[in-house]
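Here is the structure we will look at, set down as structure tokens.
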Amino acid sequence: MDLHQAIYTRRATREFTSEPVDRTTVLRLIDAAIQAPSAVNEQPWSFTVVQNKAVLARISSESKAHVLRAPPKDIPSEHLRELLQAPDFDIFYGAPALILISSVLRNQWAIENCALAAENLMLAACAEGLGTCWIGFAQMWLATPAGKEALQAPASCLPVAPIIIGHSKSPPATVPRKPADVHWI
């Protein structure tokens, strides 16, 4: 798949098969991620790969509880609140792997640097026929001391991009894009 095809077909995947993603593929995707640009070439990212189902289930459960205890002001709908309250709702949608991209530096570009690496990873996964989804609901709990401990991450790290990855049950739906808001000067 060429780059343009990956850009135009990559969409969030929320239905996965149980087929695991092998270590070689995960490492290849991480290698694509670290090719991203970073401010002052700091390359501050760190990658935590979780494939243990019990750990994924714990992160899902703890993340849901955390969001419900301290909801962000912008949970977009009552439907999402109901999903988070459902005991059988898995925020990772049964994906066999989670790749968390964190910053080892806490500076003004930490989030942007990791987001650039995340987009590279997601485009590379798309090019390999894999589905991905950035799971924002996991971010808040993973940034807590308990979340960092669950991932054996240093207290100083900044979790930025929790991305699930796996084999899609079906091709992602095409989602129309709004026209670009362009201003010429």
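Of interest is the spacing of the C-alpha centroids, which for segment 1-67 and segment 121-143 amounts to 4 Å.
For the chain, modelled as a GNM whose springs connect Cα atoms under 10 angstrom apart, the maximal fluctuation among His167, His79, His66 occurs at His79.
So I have (1) 45, 42, 38; (2) 64, 35, 25; (3) 47, 45, 31, and one of them is Cα extents along the principal axes in Å calculated from this model. Which one is it? Computing Cα extents along the principal axes in Å and matching it to (1) 45, 42, 38; (2) 64, 35, 25; (3) 47, 45, 31 gives (1).
Note on Thr174 and Gln152: the extension gain reaches 4.2 nm, defined as 0.36 nm multiplied by sequence separation minus the Cα-Cα distance. Take the Cα of Ser61, step 7 Å along the line toward its Cβ, and report every residue of segment 81-111 whose backbone nitrogen sits under 14 Å from that point. Output list for this probe position: 86-91. Ordering Thr17, Thr174, Thr48 from the fewest to the most neighbouring beta carbons within 10 Å gives Thr174, Thr17, Thr48.
Of Leu80, Leu27, Leu130, the residue with the greatest mean-square motion in the GNM of the chain, using alpha carbon springs below 10 Å, is Leu80. Ranked by how many other Cβ atoms sit within 10 Å of their own Cβ, fewest first, the residues Val160, Val67 fall in the order Val67, Val160. Under 20 Å from a label point 7 Å along Cα→Cβ of Gln108: give me every residue in segment 17-39 with its amide N that close. So the set is 37-39. Remark: the His183-Leu80 segment gains 33.6 nm on full extension, using 0.36 nm per residue and subtracting the alpha carbon distance.
With Rh defined as the Kirkwood radius, the inverse of the mean 1/r over Cα pairs, the Rg/Rh of segment 90-144 is 0.98. Beta bridges from DSSP with both residues in the chain: antiparallel share about 95 percent, rounded to the nearest 5.
Here the dipole of segment 38-96 is about 140 debye; that uses its Cα centre as origin and unit charges on the Cβ of Lys and Arg (positive) and Asp and Glu (negative). Pairs of Lys residues in the chain are counted when their Cα atoms are under 27 angstrom apart and they lie 8 or more places apart or on different chains; the count is 9.
No lab work stands behind these numbers, since they all come straight from the coordinates. Since we're looking at a predicted model, the values are computed, not measured. Don't worry about glycine lacking a Cβ; one is built from the backbone with ideal geometry, like all the others, and counts go over all protein chains shown.
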